[in-house]
Amino acid sequence: MCGIVGYVGEKQAADILIEGLKKLEYRGYDSSGIAVFTKNGVVTEKSKGRLSMLESKLEKNGVPEGNVGIGHTRWATHGEPSDVNSHPHSYGRVTVVHNGIIENYLTLKNALIESGDVFVSETDTEVISHLIDRYYSGNPTEAIFAATARLEGSYALGVLFDDIPDRIFAVRKDSPLIVGLGKDENFIASDIPAILAHTRNYYIIEADEVAVLSKDEIRVYDVFGNEITDRKKLYTADWDIESAEKGGFPHFMLKEIFEQPSTLERAVFPHFVNGPEGILKEQIPSTDNIKRLVIVACGSAMNTGMLGKCVIEKLARVPVDVCIASEFRYSDPILNEGDVVIIISQSGETADSLAALRLAKERGIPVWAIVNVVGSSIAREADNTIYIWAGPEIAVATTKAYTSQVAVLYVLALRLALDRGRIDADRCRYYMDCMKKLPELAKQVLGDGYIKEYQRLASYNRNKHDYFIIGRGRDYALGCEGQMKIKEVSYMHCETYAAGELKHGTISLITEGVPCLAIGTDSTLFDKLAGNIKEIKARGGHILLLAKKGLAEGRDFYDDLIELPELDELFLPIIGAIPIQTYAYYTAVYRGCDVDKPRNLAKSVTVE
Ligand code: BG6
């Protein structure tokens, strides 16, 4: 997602725009830019990198002076972060900033090029400036509606017309956009934080409404050109600025946990639009001759590989090794013809993972990447990149990126299984239908009843010193992420064991009241897990069972139970991650930890 702002009033627009963009950097920070009406027309300044890069550019080139302008901070989708791909984008008499994704931009772009238009960027947004200019023959709202009628996808737009220097225009569909009402000044913004310093009063622009702002009036028109301003509901923001950036959540981590229904949809659904035969075809043209996958990553990204290994080996029977990147790069790894190295990284900048990528490439081994940040180093240097489209993840402890990376590994498992004839198209469609349920089920385990239970359990255990997690197979892999979450945000010692392994070592640490999470989503292993749970109970351990619905029926060996919603058990770990993340979050809150910025940690470690 990106952030857009607009200002029309009596103050210097550039200052207001930059300040507003600073409040929206959580929506994306790959690049930024502003366009201001000066006495010599619209002047645009934009720069790759954080907002501070734009500020330095403005300092060097001079700040454009004027009282009307639009601004943008970018989370790259189409087109890598670069100066030329930064917004605003201009063509002819029109300048736009855009938040969203235009799915049919290539078709439109090719048609416009056919008819003589010249493009300078790789973005989908630039197409919009061309279209509005093409339709503009004096009526700006008509031109905007005509252009947006051609767009498929999502958009929130701020628009300037060269020959209308005292107004800004705004329109949206599926991307957020508000219009702020000030005194002798008015604003547009993707989100409330950008305008809170100036006004708390705003309209929400509905789909296919155009807002026209001058400094002393706002008019809103419907797609038929009727003015509907007096029908707009006036809202008053009661958030403080800090909580507004978090969308009303107390921490980015909780906000990102709650984003998972939509991030799971964005990670998975685009791969299914062309049925089984289309899965990952664009990103991975061929899987022929693959003998082994070597997944290399750090931290939680490595944990996704552990779960991915279970599923890929189960469905596709392709051997998968999972390596810690900092070990891989110094281990003189054995890599052979038929191996593919898969680097998994949210940031795409983790030094150890990037080094592992380069080592594999030096050995002539194909490298795929599963990444969140578009245009990041790992994304650019891999031979094939699969983006997870989770949007900016601000909290240091990953949540939505973890589940989206895992989901992409499941999608890859379907593709490999299909290509190797391990499953047929019908079976693949069944699995695809299971994965299409993930967003709804993610919403379910974030429902009030579940949240109250996570809070109760976190509160009950908040002063414990040690926490144990056990599981088998996929549940053990999920448990490894669980221990990472609990440790990194709540600073509580936590260890995960393959359930059958506990008795070979650390069961000596299980004493009266020691809390232990047992993860049981796999019915074929549940009886074995039950035996391990009883071993812990016999020593006074306090069991929280996270289980597939029904498996705990008639059993009495647990103290607390969280049942996951109905879903083919193969996919349950993806959903099971969410209760564990949320439990870890509340444990950290109750222990007074700095949830979004845990001590000693960094979001992406770009040094060794
Ligand atoms: C750590 C983060 O620093 O790096 C983890 O705290 C993350 O959340 C790990 O999993 C790897 O980072 P990335 O960006 O390569 O996934």
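Residues of region 481-499 that are within 15 Å of the ligand (Cβ to nearest atom) and either assigned to a strand (DSSP E or B) or not hydroxyl-bearing (Ser, Thr, Tyr) (or both): 481, 482, 483, 484, 485, 486, 487, 488, 489.
Taking (1) closer than 19 Å to residue 371 by Cβ; (2) crowded, with 20+ Cβ neighbours inside 10 Å; (3) of a type outside the set (A, V, I, L, M) in turn, residue 269 satisfies each apart from (2).
Scanning region 559-588 for residues that are in a helix (DSSP H, G or I), crowded, with 24+ Cβ neighbours inside 10 Å and more than 21 Å from the chain's Cα centre (by Cα) returns 587, 588. Residues that are at pLDDT 95 or above and in a loop (DSSP other than H, G, I, E, B) were ranked within region 63-84; the one that is most open to solvent (accessible area, probe 1.4 Å) is 65. Considering only residues of region 65-82 that are of a type in the set (S, T, N, Q) and farther than 19 Å from residue 106 by Cα, which is farthest from the chain's Cα centre (by Cα)? So the residue we want is 67. Check region 400-409 and report whether any residue there is within 12 Å of the ligand (Cβ to nearest atom) and outside any helix (DSSP H, G or I). Scanning region 400-409 turns up no residue that is within 12 Å of the ligand (Cβ to nearest atom) and outside any helix (DSSP H, G or I). Out of curiosity, is residue 223 of a type in the set (A, V, I, L, M, F, W, C) and either assigned to a strand (DSSP E or B) or buried (at least 23 other Cβ atoms within 10 Å of the Cβ) (or both)? Answer is no for this residue. Candidates in region 297-335 are the residues that are over 20 Å from residue 399 (Cβ atoms) and within 16 Å of the ligand (Cβ to nearest atom); of these, the one that is surrounded by the fewest Cβ atoms within 10 Å (Cβ to Cβ) is 327. The set of residues from region 457-475 being touching a strand residue (DSSP E or B) at 6+ places or on another chain (Cβ under 7 Å) and part of a helix (DSSP H, G or I) comprises 457, 461, 475. Just one of the listed residues (478, 416, 517, 502) is surrounded by 21 or more Cβ atoms within 10 Å (Cβ to Cβ), in the same structural domain as residue 306 (by TED's automatic domain parsing), in contact (Cβ under 8 Å) with a residue 12 or more places away in the chain and outside any loop (DSSP other than H, G, I, E, B), namely 416. Note on region 86-96: residues that are farther than 24 Å from residue 24 by Cα and part of a loop (DSSP other than H, G, I, E, B) amount to 2.
Is there a residue being open to solvent by 10 Å² or more (accessible area, probe 1.4 Å) and within 16 Å of the ligand (Cβ to nearest atom) anywhere in region 278-288? Scanning region 278-288, I find no residue that is open to solvent by 10 Å² or more (accessible area, probe 1.4 Å) and within 16 Å of the ligand (Cβ to nearest atom), so the answer is no.
Only residues that are surrounded by fewer than 19 Cβ atoms within 10 Å (Cβ to Cβ), among the charged types (D, E, K, R) and over 26 Å from the mean Cα position of the chain (by Cα): list them for region 85-115, please. Those that are surrounded by fewer than 19 Cβ atoms within 10 Å (Cβ to Cβ), among the charged types (D, E, K, R) and over 26 Å from the mean Cα position of the chain (by Cα): 93, 114. Just checking, how many residues over region 385-399 are more than 9 Å from the ligand (Cβ to nearest atom), surrounded by 24 or more Cβ atoms within 10 Å (Cβ to Cβ) and small (Gly, Ala, Ser)? Counting residues in region 385-399 that are more than 9 Å from the ligand (Cβ to nearest atom), surrounded by 24 or more Cβ atoms within 10 Å (Cβ to Cβ) and small (Gly, Ala, Ser) gives 1. Considering only residues in region 347-367 that are at pLDDT 95 or above and not in a helix (DSSP H, G or I), the one that is farthest from the ligand (Cβ to nearest atom) turns out to be 364.
Inspect all residues belonging to region 233-244 and state whether any of them is small (Gly, Ala, Ser), in contact with a Leu (Cβ under 7 Å, 6 or more places away or on another chain) and closer than 15 Å to residue 7 by Cα. Checked region 233-244: no residue is small (Gly, Ala, Ser), in contact with a Leu (Cβ under 7 Å, 6 or more places away or on another chain) and closer than 15 Å to residue 7 by Cα. Here 139, 201, 186 are screened, and the one residue that is open to solvent by 30 Å² or more (accessible area, probe 1.4 Å), in contact with a strand residue (DSSP E or B) (Cβ under 7 Å, 6 or more places away or on another chain) and under 20 Å from residue 215 (Cα atoms) is 201. Annotation note: of 451, 370, 342, 378, the sole residue that is part of a helix (DSSP H, G or I) and either under 28 Å from residue 123 (Cα atoms) or within 16 Å of the ligand (Cβ to nearest atom) (or both) is 378.
The values are calculated or read from the model by the stated rules, or taken from the named source; none is laboratory data. This structure is a prediction, so every number in the text was calculated from the model and none was measured. Neighbour counts are summed over all protein chains in view; Cβ atoms, including those assigned to glycine, are modelled from backbone coordinates with ideal geometry. Each accessible area value is taken on the protein alone, full model and side chains, heavy atoms only, with ligands, DNA and RNA left out. Shrake-Rupley method; radii C 1.70, N 1.55, O 1.52, S 1.80 Å.
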